[in-house]
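The values are calculated or read from the model by the stated rules, or taken from the named source; none is laboratory data. It should be emphasised that the depicted structure is a prediction, and the values quoted were computed from it without experimental measurement. Glycine gets a Cβ as well: all are built from the backbone with ideal geometry, and neighbour counts include every protein chain shown.
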Amino acid sequence: MRSETRISQNLKKHLKDIDLYFEKMIESDFSHKGIHEYRESIRRFRAILFFYEPFIKGADYVALERISKKHFDATSLIRELDVFEEGYGHVMNTEVISKMHKIKAPLKEKLRADAVKMKEVDFSTFEIHIKQHMESKDYGEFEQIRQAELFEVFVERSAFNQENVEKSIHAKRMLAKKIRYVHCLLMPEREDLKNLNDLLDAFQIVAKALHDVCVNLRFIGHYELDDQILLDELVKDHAAYLKEADDLFESVREAVEGYLAF
């Protein structure tokens, strides 16, 4: 199969998936699960788009990157608040839970209204043009070179920014997630990546927990949530997850460096 055909087919499949999960999200009346699955469909597409960037004409890449990010961001705040309540609702006092519901209610109404406009975008109809000078390139060679480039970026991000842990862990987690999606979707038969994939999965679990805690701590201040027990639990988890995430990131970095050494 020609490189440009393979790339176009992979991208178009995931563009269709975005439309599919958008409809499912609407059918679920913007449920927690419906929003999550829609966001993951966008993440999968954006991971492949990011990987294939050197092949894609600039205008197409910019347009798809921008509109997919815009749709993703439309669900971000309500998703973060849902995750907060899902993860720590058992610790929250009744006043905080009531306040959270009051905060989320208008956000869900806004998302319902925004979805009318979002529905006008049909991702499956986007035309993606491959750069002419890339059409004759060997796909296997490109895949190997591009994977090495992503590995090098991962290695460069070798330390947490203690001044802004939320921003730092988010950047690391998103890059790890992109690499993991690329491996899962484009290189599923690569047995030599199994150990690295296991480490990436372990890191992402803890990185997500740490990032969620960072967001939750910010929400406590922003929304003036008066709950000392909840605050104490978040502070305790932040310290634990930060240490574990730091250790796991180092393990992933060492494994990635091992691949780059060959």
(request) Scan region 73-99 for residues that are among the aliphatic types (A, V, I, L, M) and not in a loop (DSSP other than H, G, I, E, B) and jot them down. (result) Ala74, Leu77, Ile78, Leu81, Val83, Val96, Ile97
(request) Name the one entry in Val83, Val96 that is farther than 24 Å from Phe22 by Cβ and surrounded by 13 or more Cβ atoms within 10 Å (Cβ to Cβ). (result) Val96
(request) Give me the pairs, please: first residue somewhere in region 202-228 and not assigned by TED's automatic domain parsing to the domain that holds Met174, second residue anywhere and buried (at least 19 other Cβ atoms within 10 Å of the Cβ), beta-carbon distance under 7 Å, and either six or more positions apart or on two chains. (result) none
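Yes or no, residue by residue, for (1) surrounded by 15 or more Cβ atoms within 10 Å (Cβ to Cβ); (2) acidic (Asp, Glu); (3) at pLDDT 90 or above:
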{"site": "Met174", "(1), (2), (3)": "yes, no, yes"}
{"site": "His183", "(1), (2), (3)": "yes, no, yes"}
{"site": "Val206", "(1), (2), (3)": "yes, no, yes"}
{"site": "Asp212", "(1), (2), (3)": "yes, yes, yes"}
{"site": "Leu217", "(1), (2), (3)": "yes, no, yes"}
{"site": "Glu244", "(1), (2), (3)": "yes, yes, yes"}
{"site": "Phe262", "(1), (2), (3)": "no, no, no"}
(request) Take region 236-251 and flag every residue that is of a type in the set (Asp, Glu), touching a helix residue (DSSP H, G or I) at 6+ places or on another chain (Cβ under 8 Å) and within 16 Å of His170 (Cα to Cα). (result) Glu244
(request) State the number of residues belonging to region 7-45 that are touching a helix residue (DSSP H, G or I) at 6+ places or on another chain (Cβ under 6 Å), more than 20 Å from Glu120 (Cβ to Cβ) and among the basic types (Lys, Arg). (result) 1
(request) Determine which member of the set Lys33, Lys110, Lys70, Lys102 is within 30 Å of Glu149 (Cβ to Cβ), free of Cβ contacts under 8 Å to residues at least 24 places away in the same chain, assigned to a helix (DSSP H, G or I) and not assigned by TED's automatic domain parsing to the domain that holds Phe142. (result) Lys70
(message) Out of the residues in region 34-59 meeting the condition of being at pLDDT 95 or above and of a type in the set (D, E, K, R), tell me which one is nearest to Asp73 (Cα to Cα).
(response) Arg39
(message) Can you confirm whether Arg66 is buried (at least 16 other Cβ atoms within 10 Å of the Cβ), basic (Lys, Arg), under 24 Å from Val182 (Cβ atoms) and modelled with pLDDT of 95 or more?
(response) no
(request) Of all residues in region 13-30, count the ones that are in a loop (DSSP other than H, G, I, E, B) and among the charged types (D, E, K, R). (result) 1
